[in-house]
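A short reminder: the numbers here are calculations on the coordinates, not readings from a lab. Please read these numbers as outputs of a predicted model, since none were measured by experiment. So basically every Cβ, Gly included, is an ideal-geometry build from the backbone, and we count neighbours across all protein chains shown.
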Amino acid sequence: MSQMKGKTLVITGATKGIGEAIATKFASQGVNIAFTYNSNAEIANKLAQKWEKEYGIKAKAYPLNILEPDEFKPLFEAIDADFDRVDFFVSNAMIYGRAVVGGYGKFMRLKPKGLNNIYTATVNAFVVGSQEAAKRMEKTGGGSIVTMSSTGNLIYIDNYAGHGTNKAAVEAMSRYAAVELGEMNIRVNAVSGGPIDTDALKAFVNYEEVKAETIKRSALNRMGQPEDIAGTVYFLCTEEASWITGQTIVVDGGTTFR
Ligand SMILES: NC(=O)c1ccc[n+]([C@@H]2O[C@H](COP(=O)([O-])OP(=O)(O)OC[C@H]3O[C@@H](n4cnc5c(N)ncnc54)[C@H](OP(=O)(O)O)[C@@H]3O)[C@@H](O)[C@H]2O)c1
């Protein structure tokens, strides 16, 4: 705990699901949390208060739309005013609903606008967010960056071509970042999750089917939960992972191989 106490995590999309579980894990270990929300301002502010009260850390929520990469610069400037350092950056937020029309669907229904939105939300958000984070990490001697990926770039998932290809792209981008940011003592990795029971998965038209299939495929005979991902993201940011960079860690309950 002492090694992480007083450091700062910046994470996008921590109002619920995997982002909330990651932020909770870091907060429980004494890490200060600067996190973003998109539509759920009230929930975000309540979470900040809860983490501050329960863990005695500083937590603050900021608005961000990952479809507008220009928002990252002012976001980090606002974080600079509230936090004295940035040690970790987790690119986690993901779009859904209208923004993914033409991006979430069968191959013959894919449209450039929907696909471009997913690219912006996945790859551009990782690049621009990591650039801003890296400038701050360099000042304090290094840090760790993690992007969320998914096993939908390794195995076929219905309607997931748009997301799956962009997760493959962000994994490749994270390896390039790892090589070039290494000289600043910044490590960059991806965590590729199997299906996790969150609102994003509930938005799948065949949610019940995916859930049943996941339990069937999992070597552990159960669905993935947000907390199953959080521990690996946390580990990658600790000194225990000091020589891990440019990697994708698959956290899938054994679902991908089967
Ligand atoms: N669930 C899975 O099965 C699974 C598996 C592997 C990887 N992943 C990845 O894990 C990450 C988190 O997924 P999740 O399942 O936890 O999602 P989720 O529960 O739906 O949460 C999505 C988060 O993204 C934020 N968000 C939505 N639209 C946004 C926008 N336009 N700009 C900025 N933020 C926005 C939401 O904020 P508001 O609530 O404020 O709107 C929320 O905090 C994603 O990268 C996803 O691809 C998920």
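With R₀ fixed at 35 Å, the C-beta to C-beta distance from residue 179 to residue 116 puts the FRET efficiency at about 0.85. Here's how it looks for residue 186: its modeled amide H is under 5 Å from those of 143, which are all 5 or more places away or on a different chain. Each other residue within a Cβ distance under 13 Å of residue 207 adds +1 if Lys or Arg and -1 if Asp or Glu, for a net charge of -4.
Length gained on full extension, residue 73 to residue 5: 21.9 nm, using 0.36 nm per residue less the C-alpha separation.
Distance between the modelled labels on residue 138 and residue 81, one decimal in nanometres: 2.4 nm (7 Å Cα→Cβ projection). With the cut-off at 30 Å, tell me which of the pairs 135/202; 111/135; 16/53 have Cα atoms farther apart than that. Checking Cα-Cα distances, 135/202; 111/135 exceed 30 Å.
Evaluate the Debye formula for segment 98-177 with equal point scatterers sitting on the alpha carbons, no solvent, and hand back log10 of I(q)/I(0) at q = 0.10, 0.12, 0.21 Å⁻¹, in q order, two decimals. Relative scattering, expressed as log10 I(q)/I(0), comes to -0.28, -0.39, -0.90. For the chain, report the % of Cα-Cα distances exceeding 23 Å. When all Cα pairs of the chain are counted, 48 percent exceed 23 Å.
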